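Chemist: Would you mind keeping the following structure in view while I ask a few things?
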Amino acid sequence: MPPREEVFLPFESPRDHPPPLVAVRGQAIASSMKALRKRDLFDAYRGNLTPTDREQLLGLTASTWAPLALADAHYRACDRLALDRTTLESIGADAGLALNETAVSVLIKLSKEAGATPWTVLTRGNKLMHRSWEGSTVGVFKLGPKEARFEWIGQPLAVIPYVRVAFCGFLRSVLELFATRVFVKDIPACCTRTTLGYRCSWV
């Protein structure tokens with residue numbers, strides 16, 4: 001019989017009443033745009049925006065909090081690029097490292113000094129998420145010594161395929177800082193219009 005899963009990082013609120021996501025920090029959107037520019041996709045992305053959304057998105061600063069509607073416009077414009085999964089995950093990986101560079105650098109130092117593992121960063125899941133997302137909450141469930149399920153609830157952008165797939169790359173890029181190899185896959189049963197779920201394992 002497989003071992004029972006354990007709650008490793010509890011949600012900050014009841015599963016059926018998560019704090020609603022209301023805003024996204026401009027740095028998260030800027031990191032996403034930077035990843036698009038790197039792949040010569042930025043002009044196509046701009047073309048997918050309305051003039052009003054384009055003006056507002058390009059005017060964001062790193063410290064600005066973009067309302068949910070504007071973030072929705074950004075990620076839907078990205079989704080209309082219809083990119084393959086490999087590209088989406090690589091964009092998510094780039095954005096994840098750029099977004100968490102400062103916070104993760106502290107953990108990298110810790111890993112060198114005290115042998116940190118992916119569990120070290122997973123236990124800080126909500127702290128890291130709240131740097132860029134106002135509202136929603138994440139939970140982590142231990143499935144084995146080197147295997148976890150990561151869930152993000154109260155996330156209305158979960159309905160956008162681009163967000164669901166790119167976040168695989170985001171998670172992998174951060175966890176890879178603390179393991180030789182990491183595998184992340186979205187879990188269809190855990191992905192709804194407002195929730196995301198991923199199985200993470202590492203060696």
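Bear in mind these aren't lab numbers, they're just calculated from the coordinates by the rules spelled out. Everything numeric in this text was worked out from a predicted model, so none of it was measured. Here the Cβ is made from the backbone with ideal geometry for all residues, glycine too, and neighbour counts use every protein chain on show.
Chemist: Just how large is the dipole of the stretch 6-202 about the Cα centre, in debye to the nearest 20, putting +1 at every Lys and Arg Cβ and -1 at every Asp and Glu Cβ?
Modeler: 320
Chemist: List Asp84, Asp94 from most exposed to least, where exposure is judged by having the fewest other Cβ atoms within 10 Å.
Modeler: Asp84, Asp94
Chemist: Provide Lys142, Lys185, Lys127 in ascending order of the number of other Cβ atoms located within 10 Å of each residue's Cβ, fewest first.
Modeler: If I rank by nearby Cβ atoms, fewest first, I get Lys127, Lys185, Lys142.
Chemist: With the dipole of the chain worked out from charges on the C-beta (+1 for Lys and Arg, -1 for Asp and Glu) around the Cα centre, which of Pro156, Gly144, Ala93 lies farthest toward the positive end?
Modeler: Working it through, the farthest residue towards the positive pole turns out to be Gly144.
Chemist: Turning to a different aspect of this structure: I want to check the label-to-label distance for Ala189 and Thr117. Put each point 7 Å from Cα in the C-beta direction and report it in nm to one decimal.
Modeler: Here the answer is 2.5 nm between the modelled labels.
Chemist: Only residues of the stretch 153-178 count here: report those whose backbone N is under 19 Å from the spot 7 Å along Cα→Cβ of Ala82, or say none.
Modeler: Answer for this model: 160-166.
Chemist: Per 0.36 nm of contour for each residue apart, how much would the distance between Ser63 and Val203 grow if the chain were fully extended, relative to their Cα-Cα spacing?
Modeler: 46.8 nm
Chemist: Any idea what the alpha-carbon Rg over 2.2 N^0.38 Å comes to for the stretch 6-202?
Modeler: Against the empirical 2.2 N^0.38 Å value, I get 0.99 for the stretch 6-202.
Chemist: Compute a Gaussian network model of the chain, connecting alpha carbons closer than 10 Å, and tell me which residue from His17, His130, His74 fluctuates the most.
Modeler: Result for the chain, Cα springs under 10 Å: His17 fluctuates most.
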